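The values are calculated or read from the model by the stated rules, or taken from the named source; none is laboratory data. Note that the coordinates shown come from a computational prediction; the quantities given were computed from them, not determined experimentally. Reconstructed Cβ throughout: ideal geometry from the backbone, glycine too, with neighbour counts over all protein chains shown. Just the protein is used for accessible areas: all its heavy atoms, side chains included, with ligands, DNA and RNA removed. Shrake-Rupley method; radii C 1.70, N 1.55, O 1.52, S 1.80 Å.
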Amino acid sequence: MTLRVASTRPAEAAAAALRLVAVPGAAAPPLRRRLANAERERQIVQGAIRFFADRGLDGQLRDLAREVGVTHALLYHYFPTKQALIDRVYTELFEGLWKPEWEQILDDRKLDPLTKFTRFYCDYAHAIFAREFVRILVFSGLSDHYIPDRFFELLRNRLFPRLIRETRRHCGVLSRAKPSARELELLMGLHGGIFYIGLRRSVYEQAVHGAEASEHDETYICDRVRGYLLSAHAVLYAPAQAGRAPPRPSPKPRRA
């Protein structure tokens, strides 16, 4: 006679059911919250900014999706192309930093040029010293120049003419002519010198005078602004050179 062994499956099922019963006082497992479309898109953009700042704009979107915690398909649902995502990063990180009140400060005729330059650059520096801003600008400049081209177009239209105008005003020059190459190059010494502080910190990671202390940034910026305005007066608009044509080279002596 063959004996049948009772199946243990019902007992296992009962034990599993008991494990699912909530124990009073025990914490419930966390539920993954479903994000709204705008919030999810924001999450992807912020993740892309961090990702591109670390790996450059050549980073693969599959790696980005993994870091952000979304599927590759979901990433493409929000941004069908990589260029569309880079455009959004530019709008968020570069175009989005521009404050209309900066133009109002520079156009305020009640303020002297030194005050205008100092107020503008001290506030502007808070945005451009951000690690993501510096590194993405440099990475793009080393590849297709797309982001520097767009950002410098903004600066050429909305900033540099105002700064040249105020430089001339500080030096007592009434000209409204288009900024000359010399004026712009001298201005780039100021503008690029301030950006270099952020470049040194976020790319080179070098301190040239001991420990880097951002609380002294305003002092460094004020020093650079004063030096620029003094040099502009001495180099570009010195009274001895006003209205004079450049000297002609002396004729070579003739041989006997």
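Descriptive notes on the structure:
- Applying the criterion of being more than 22 Å from the chain's Cα centre (by Cα) and among the aliphatic types (A, V, I, L, M) to the residues of segment 72-91, the residue that is least open to solvent (accessible area, probe 1.4 Å) is 75.
- Residues in segment 142-156 include none that are part of a loop (DSSP other than H, G, I, E, B) and of a type in the set (Phe, Trp, Tyr).
- For segment 90-132, the set of residues classified as among the aliphatic types (A, V, I, L, M) and under 19 Å from residue 203 (Cβ atoms) consists of 93, 97, 125, 127, 128, 130, listed by residue number.
- Checklist (1) at pLDDT 95 or above; (2) assigned to a helix (DSSP H, G or I) applied to residue 111, failing item: (2)
- Selection of segment 191-207 for residues being open to solvent by less than 20 Å² (accessible area, probe 1.4 Å) and free of Cβ contacts under 8 Å to residues at least 60 places away in the same chain yields 191, 193, 200.
- Any hit, segment 157-169, residues being assigned to a loop (DSSP other than H, G, I, E, B), open to solvent by 60 Å² or more (accessible area, probe 1.4 Å), under 16 Å from residue 95 (Cα atoms) and without any contact (Cβ under 8 Å) to a residue 24 or more places away in the chain: no
- Complete set of residues in segment 54-71 that are out of contact with any Gly (no Cβ under 8 Å at 6 or more places or on another chain), open to solvent by less than 50 Å² (accessible area, probe 1.4 Å) and not in a loop (DSSP other than H, G, I, E, B): 61, 63, 65
- The residues on offer are 158, 135, and the sole one that is of a type outside the set (A, V, I, L, M) and over 25 Å from residue 204 (Cβ atoms) is 158.
- Identity of the residue in segment 189-229, not in a helix (DSSP H, G or I) and not polar (S, T, N, Q), that ends up modelled with the highest pLDDT: 205
- Long-range neighbours under 9 Å by Cβ, at least six apart or interchain, first residue farther than 13 Å from residue 53 by Cβ within segment 126-151, second exposed (fewer than 15 other Cβ atoms within 10 Å of the Cβ) and among the basic types (Lys, Arg): 127/99
- Residue 113 touching a His at 6+ places or on another chain (Cβ under 7 Å) and either free of Cβ contacts under 8 Å to residues at least 40 places away in the same chain or open to solvent by less than 20 Å² (accessible area, probe 1.4 Å) (or both): yes
- Residue that is surrounded by the fewest Cβ atoms within 10 Å (Cβ to Cβ) [pool: residues in segment 170-184 that are without any contact (Cβ under 8 Å) to a residue 24 or more places away in the chain and among the charged types (D, E, K, R)]: 176
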